[in-house]
Amino acid sequence: MRKAFALLLGLTIPLSTFTPVSADTTRTPAPSAAISWAPCPEDSGAECGTLAVPVDWRRPAAGTFNVGVARRKATDPAARIGTLVVAAGGPGGSGVDLVLASPQILTPETLRRFDVVSLDPRGTNRSNPVVCSTELLQQAPDPIVKSQAEFDRAVAYSRRLRADCRARTGPVFDHVDSLSAAADLDAFRAALGEEKLSFWGISYGTLLGQQYAERYPRRVRAFVLDSVIDHSVDTRTFMDTGTWGAQDAFNEFVAWCERDEACLQHDGNVRTLWKGLMARADRGELSVPGQPGALLTPFVLSWTALDYFYSADTWRPFSELLAALDTGQATAGQLPTPLAAKSAQDVSPNPFQIFCEDYRLPVRDFREYDRHLRRLGGIAPDMRYSFLAVFPVFTCLGEPSSIPNPQHELRVRTDTPLLVANSLHDPATVYPWAVSTTRQLGRSGRLLTYEGWGHIVYGRGPCATGAIDSYLISRTLPARGARCPAVPPNTGTDNLRKLVSPLPHMPGWTSPL
C-alpha cells in the first residue's frame, strides 16, 4: 500500500488544460437589503432568514432567488472575534442545519468567540433544491455496465434525468456550481456587514472555501479545509485515488479485525468471507431482506462497506452485518434500501448536479470505461472500486462538454495560510487529495494530519480539535508536518458524523447510516 500511495501522490497533478479563475479582490456584490432575521422554527436560539442572490452571477439582472441562511450569535458578545462560516459536505449538506447543530459540534470556546453562520448552497435544501422525478430516479442503472449497449443506455438515462431535473428545478439548475456559491457567500458576508470571514468547511464544503479564498483573498481571516476535495484531478486520477482510499479503509478494517476481539471475524478470515459475499452478489444471490427483487449487486455491497468505513466506530456494526449476510439473517436496517420501499413522493432531491457542474470527468465510450474499471480492480482487489470514485463519473456522463466550474490548479494568495486537515485513512476525501491541495496552496497552505480513520477531523480528540480551534481563534498555525495521534475505534469520537456530513447515496436508494 505504501508503494501504491506513493504512485497516487504522483497522480494528483493539476490539469493544465483548465483555465484558473482569477482572483477578484476589488469587486464585491453590493450589500443586499437587510436580511429579515427570525427565530429558526427548529431552534429559537438561532436565527434564520433568506438572502436574494442572482440566478446567474454573470447576468445579475436576469433574475434572483432566495438562499436560506442562519446564524447563532456568539455566547459572549464582549469576547466576539467575528463571524465563522460553517460549510456542510455532500454535495447536498445543509449549512443551516450545521448552524442549528453547532452547540453539539463546536467547542464552547469557539461558540463563545464567534457568530456561527451559514447558508444552504444553491440547489439544496432551503435554496431552490434540485428536484427530479422519483420514478425516474428509481430507474437508475447499475454503474458497472458490461457492454457498449449498456453504456449507451446509461448515457441516455443520464441525459433524460438531467432534462427532467432541469425542467422541475427551474433556471437555478444551470447555476448550482460551487463558484456561484462562493459569490453567494460573499453577498452573505456583505449583508452581514463583515469585512472578513473565518471558515470551517468539511468534505465537499471545502471546495466552497477554496474557491472563496481564491476569488476573495482579502476577505479571508482564517479558513479551515477539513477533509478536503481536490479540484485539480482528471478522470483517471479521480477514480484511482478514490479507489485507493476505499481499499485502504478496507485494509484498516481487516487489521482491526485481526487484533481486536470485538470483531466477530477475529478468529477467522474476514477477507475470505468478504470475497465469498462479493461472489454471491456476482451470481445474484444476495438481496435486501424482505425484498427478493432488490438485489445487492457487487457495486451496492461495496458502497455499503464504504458507508460503514466513514467511521471507525462503525467497524463493529459492519462486522455484524458481514456475519448476518453470511448466515442470511441480515435486516433491512443494516443495508441500503430502494427508495420505492420508503417513498411515494412525486419528486426527490438530487443535489449531485452540483458535482456535475464542478467536475468535468469525461469518458468516451465503453472501452475506456471498462479499462478504468479493470484498473480499479487492481488497485482495490477486495473493494473492486469506490462508490465515490465510480458513481460521480457515471452519473455525469450525460452532462454537456462545457460546464460552469471545471477543475484547475488553485491560485490562492492569502495573508493567513489556509489550514488543511485530513485523516490519514479517510475513505471519502482521501489523504493524497490533502497532500495535493496543500502543495497547490504553497505558502498559503498548511497541512495537519490526523493519523487515524474516518471522515472529518474536527472532534477527533484534543490534539486535532485543539489545533483547529487555536487556528480559528488566534490564527496560530500548527507546525509544518504536524500530526495528531489516532483515537482508538469505538470510543464515541464519531458520534457527530451524521450532523456534519451526509453519506452519499445512489439515486433510488437510501443509506442505512
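The values are calculated or read from the model by the stated rules, or taken from the named source; none is laboratory data. Note that the coordinates shown come from a computational prediction; the quantities given were computed from them, not determined experimentally. Neighbour counts run over all protein chains shown; Cβ positions are idealised from the backbone, glycine included. Protein only, heavy atoms only, side chains kept; ligands, DNA and RNA dropped before computing areas. Shrake-Rupley method; radii C 1.70, N 1.55, O 1.52, S 1.80 Å.
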- Message: Looking only at the range 436-489, filter to residues that are on the phi > 0 side of the Ramachandran plot and over 23 Å from the mean Cα position of the chain (by Cα); which one of those is least open to solvent (accessible area, probe 1.4 Å)?
- Response: G442
- Note on the structure: Residue set P129, P171; condition over 30 Å from V220 (Cβ atoms), in contact (Cβ under 8 Å) with a residue 24 or more places away in the chain and open to solvent by 30 Å² or more (accessible area, probe 1.4 Å); output residue P171
- Scan the range 349-370 for residues that are buried (at least 20 other Cβ atoms within 10 Å of the Cβ) and of a type outside the set (A, V, I, L, M) and jot them down. N350, P351, F352, Q353, F355, C356, E357, D358, Y359, R360, Y369
- Message: Considering only residues that are over 30 Å from S474 (Cα atoms), small (G, A, S) and in contact with a helix residue (DSSP H, G or I) (Cβ under 6 Å, 6 or more places away or on another chain), which ones fall in the range 99-155?
- Response: G123, S133
- Task: Please enumerate the residues belonging to the range 153-168 that are open to solvent by 40 Å² or more (accessible area, probe 1.4 Å), of a type outside the set (A, V, I, L, M) and touching a residue at least 24 places away in the same chain (Cβ under 8 Å).
- Result: R159, R160, R162, R168
- Determine which member of the set P143, P121 is assigned to a loop (DSSP other than H, G, I, E, B) and surrounded by 24 or more Cβ atoms within 10 Å (Cβ to Cβ). P121
- Taking the range 345-369 only, how many residues are touching a residue at least 60 places away in the same chain (Cβ under 8 Å) and either farther than 24 Å from G89 by Cα or among the acidic types (D, E) (or both)? 9
- Item | Among the residues listed as S227, S198, the single one being open to solvent by less than 10 Å² (accessible area, probe 1.4 Å), at positive phi, of a type outside the set (D, E) and in contact (Cβ under 8 Å) with a residue 24 or more places away in the chain | S227
